[in-house]
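The values are calculated or read from the model by the stated rules, or taken from the named source; none is laboratory data. Only a predicted model underlies this, so the values are computations on that prediction, with no experimental measurement involved. Please note: Cβ atoms are built from the backbone with ideal geometry, for glycine as well, and neighbour counts cover all protein chains shown.
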Amino acid sequence: MANLLHPEWQTHIKDLISGAIAAGADGIFFDNLWDGAMPISLGGVWLGEAGSFDDISKEAYRHFGGENVPADIHKDTPPVRRYLAWRMQKMTDVVGDFCAHARQLKPDVVIGANDFDMIMRNAPLVYGISLAQQAQIQDVTMIENFAMPKWRAGKQVLVNNAQTIRAAREQVGSDAHLSVLSYDGGIGFDGMYAARRFQQTIAEAAACGVSNTIKGTEYYHEGQHTMLTADEFEEQQAAIGRYQRWLETNKGLFEGHRLNEAEVVLVYPEESLLFDWHHTAPRYFAAGQTLLKAGIAWRAVLNREAAKEAGTVLVFDDRGKQMMAGYKAGEVVDVRVLPGWEVLGKTRWLDRSRQMRKVLHAVVEPLWRSYFSSRFVRRVIDGLRLFTLFTGTDLFDLPSEALQTTLLAQVPPQKANVVAEEPVLLEIWETETGIQYHLMNYAEFRQQVVLHLADTAHGIVISPDNDMTETFDGETVVIDLDVYVIVKVEKHG
């Protein structure tokens with residue numbers, strides 16, 4: 001929430017970087033890339049301003065484009081678009097200058113940052129982060145979020161990082177080191193997670209082709225804050241260590257040239273999510289959740305070329321529809337016009353009342369500011385767990401059974417799919433030697449799953465959950481899935 005352009009603040013940050021490197025630091029990490037005021041999402045609208053409104057920032061923007069900083073960013077207008085693009089570039093330029101300073105002092109310094117809650121939140125608008133731009137200046141692009149895998153069968157909520165990873169990978173590029181760090185409720189709100197959940201988090205990230213950063217501190221256990229390294233958490237430590245050692249031993253599975261071979265493609269509506277979040281996000285994420293729960297592998301793309309020979313392409317806005325016009329390799333489905341799906345993201349009454357938005361903002365903003373400025377207010381809000389209203393999201397909720405059925409009817413049978421009682425992640429990777437099928441169990445318990453293949457195949461099944469390597473021949477593979485397995489199919493000839 002700093003004024004990124006203030007010269008004293010910039011000097012202070014560079015002094016901290018210099019001090020850390022002088023003390024022997026191997027890396028520099030920038031936490032929470034937040035620029036100035038953050039608009040609040042409430043009732044399907046944006047309340048408040050975005051960015052800094054001090055004299056330095058306002059003059060910088062006037063010098064850039066001859067305009068004033070827009071006070072209301074709720075509506076998608078040309079001035080708002082120009083300002084948000086400038087704000088993201090400003091963030092990139094400032095952080096890039098810090099990175100250059102660090103690398104000048106130590107050329108091999110490793111630089112990372114907290115690209116906070118990209119994908120599942122409108123971070124470009126709220127915080128001023130461009131993930132694609134930041135990935136060009138960071139050695140490790142880390143996304144901290146509230147997406148630690150968890151399946152809540154009763155409420156039909158599937159919390160996952162697959163949505164984040166699939167969309168983020170397209171933005172940062174295949175060569176970038178992408179990592180995810182996830183919570184349930186956030187710092188200071190979560191007790192120690194069960195050992196299995198750490199393994200699910202590591203496995204989901206590995207299956208999707210990224211690394212997992214594990215939070216070591218700020219757990220709340222038996223009335224006090226504690227750390228993962230405490231003696232009473234030996235089970236969690238052992239479980240994490242077992243998975244990390246297995247990944248190290250089998251790192252060859254994740255190296256080399258790999259292509260995601262999911263037959264279903266979602267055209268990521270990047271522009272619509274930025275400028276029309278409340279109308280676009282419900283449909284896009286509901287579609288991804290539906291496919292994920294059904295055991296169907298899918299990938300996100302930003303352009304037609306990346307879709308390759310996909311059998312089914314889902315689009316969510318006019319840009320995606322125009323991009324895929326004339327596509328011959330498979331079926332293009334406009335999710336917006338499917339029966340029942342057209343009402344998702346429908347304009348709410350608050351969207352039409354600027355006066356009511358002003359009234360709500362006048363109430364909400366002082367409370368929001370007080371949370372960060374008053375220890376008393378923070379204790380009260382945290383005690384009531386009201387802050388979890390900010391950290392939480394309904395985008396992990398599964399749509400109704402009727403909506404799921406409608407969407408799945410548009411997706412023809414896949415060459416490979418998973419059948420299971422509870423949700424299982426399926427990722428398909430083509431390598432130089434064959435095909436890898438990565439399966440991760442979202443359930444709280446082991447379950448029997450069936451992987452259906454297009455043709456009779458020969459291969460092996462390996463897992464960090466045991467030391468056994470099993471072979472198979474056939475069109476189906478029956479797996480007693482605890483947390484994570486990789487099915488390797490050899491190429492013919």
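How many residues are out of contact with any strand residue (DSSP E or B) (no Cβ under 9 Å at 6 or more places or on another chain) and either of a type outside the set (D, E, K, R) or at pLDDT 95 or above (or both) when one looks only at the range 268-280? Spell out how you get there, then give the answer.
From the range 268-280, those out of contact with any strand residue (DSSP E or B) (no Cβ under 9 Å at 6 or more places or on another chain) are 270-276, 279-280; that's our starting set.
Narrowing the set further to residues that are either of a type outside the set (D, E, K, R) or at pLDDT 95 or above (or both) leaves 270-275, 279-280.
Total meeting the criteria: 8.
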Qualifying residues in the range 7-31 (those that are surrounded by fewer than 13 Cβ atoms within 10 Å (Cβ to Cβ) and under 29 Å from the mean Cα position of the chain (by Cα)) - the one modelled with the lowest pLDDT: 31
Only residues in the range 159-182 that are within 21 Å of residue 422 (Cβ to Cβ) and surrounded by 20 or more Cβ atoms within 10 Å (Cβ to Cβ) count as the first member; pair them with residues that are of a type in the set (Asp, Glu) and modelled with pLDDT of 95 or more, Cβ under 6 angstrom, at least 6 apart or cross-chain, and list the lot. 161/204
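Taking residue 154, is it over 12 Å from the mean Cα position of the chain (by Cα) and on the phi < 0 side of the Ramachandran plot? I'd like the intermediate steps shown before the answer.
Details: over 12 Å from the mean Cα position of the chain (by Cα): yes; on the phi < 0 side of the Ramachandran plot: yes.
For residue 154, the condition - over 12 Å from the mean Cα position of the chain (by Cα) and on the phi < 0 side of the Ramachandran plot - is met.
Go through the range 41-63 residue by residue and tally those that are in contact with a helix residue (DSSP H, G or I) (Cβ under 6 Å, 6 or more places away or on another chain) and either β-branched (Val, Ile, Thr) or over 23 Å from residue 143 (Cα atoms) (or both). Walk me through how you get there before you give the answer.
Within the range 41-63, the first condition is being in contact with a helix residue (DSSP H, G or I) (Cβ under 6 Å, 6 or more places away or on another chain), and the residues that meet it are 43-45, 47-48, 51.
Okay, now just the ones that are also either β-branched (Val, Ile, Thr) or over 23 Å from residue 143 (Cα atoms) (or both), so 43-45, 47-48.
Residues that pass the stated criteria total 5.
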Can you find, within the range 443-478, the residue that is surrounded by the most Cβ atoms within 10 Å (Cβ to Cβ) among those that are of a type in the set (Val, Ile, Thr) and under 22 Å from residue 158 (Cα atoms)? 449
Any chance the range 284-304 includes a residue that's part of a helix (DSSP H, G or I), more than 30 Å from residue 421 (Cβ to Cβ) and at pLDDT below 95? no
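Restricting attention to the range 32-41, and to residues there that are in a strand (DSSP E or B), at negative phi and not polar (S, T, N, Q), which single residue is surrounded by the most Cβ atoms within 10 Å (Cβ to Cβ)? Break it down into steps so the answer makes sense when it comes.
Start the filter on the range 32-41 by keeping residues that are in a strand (DSSP E or B), which leaves 35-37, 40-41.
So of that shortlist, the ones also at negative phi come out as 35, 37, 40-41.
Applying the additional criterion that residues be not polar (S, T, N, Q) yields 35, 37, 40.
Details: 35: 23, 37: 18, 40: 17.
It comes out as 35.
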Taking residue 240 and the conditions (1) buried (at least 18 other Cβ atoms within 10 Å of the Cβ); (2) under 27 Å from residue 291 (Cβ atoms); (3) at pLDDT 95 or above, which numbered condition does it fall short on, given that it satisfies the others? (2)
So residue 245, is it of a type in the set (D, E, K, R), part of a helix (DSSP H, G or I) and either surrounded by fewer than 17 Cβ atoms within 10 Å (Cβ to Cβ) or under 17 Å from the mean Cα position of the chain (by Cα) (or both): yes
By residue number, the members of the range 42-63 that are in contact with a strand residue (DSSP E or B) (Cβ under 8 Å, 6 or more places away or on another chain) and either crowded, with 18+ Cβ neighbours inside 10 Å or under 13 Å from residue 73 (Cα atoms) (or both) are 46, 47, 48, 49, 50, 51, 52, 57
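Can you tell me which residue in the range 461-493 is farthest from residue 420 (Cα to Cα), limited to those that are of a type in the set (S, T, N, Q) and part of a strand (DSSP E or B)? Steps first, please.
Our first condition is that a residue be of a type in the set (S, T, N, Q); within the range 461-493, this holds for 463, 466, 469, 471, 476.
Filter once more, keeping what is part of a strand (DSSP E or B): 471, 476.
Numbers: 471: 21, 476: 13 Å.
By that ranking, first place goes to 471.
For the range 213-232, give me each residue that is farther than 23 Å from residue 141 by Cα, in contact with a Gly (Cβ under 8 Å, 6 or more places away or on another chain) and in contact (Cβ under 8 Å) with a residue 12 or more places away in the chain. Reasoning before the result, please.
From the range 213-232, those farther than 23 Å from residue 141 by Cα are 219-232; that's our starting set.
Next, only the ones that are in contact with a Gly (Cβ under 8 Å, 6 or more places away or on another chain) stay: 219-221, 225, 227-229.
Once the filter is applied, which keeps residues that are farther than 23 Å from residue 141 by Cα, in contact with a Gly (Cβ under 8 Å, 6 or more places away or on another chain) and in contact (Cβ under 8 Å) with a residue 12 or more places away in the chain, the range 213-232 yields 219, 220, 221, 225, 228, 229.
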Which of the numbered conditions does residue 404 fail, given that it passes all the others? Conditions: (1) surrounded by 15 or more Cβ atoms within 10 Å (Cβ to Cβ); (2) at pLDDT below 95; (3) out of contact with any Phe, Trp or Tyr (no Cβ under 7 Å at 6 or more places or on another chain). (2)
Checked 265, 180 against criteria (under 24 Å from residue 126 (Cα atoms), aliphatic (A, V, I, L, M), modelled with pLDDT of 95 or more and outside any helix (DSSP H, G or I)); the one match is 180
Which of the residues spanning the range 421-442 are surrounded by fewer than 20 Cβ atoms within 10 Å (Cβ to Cβ) and farther than 12 Å from residue 261 by Cβ? 421, 422, 432, 433
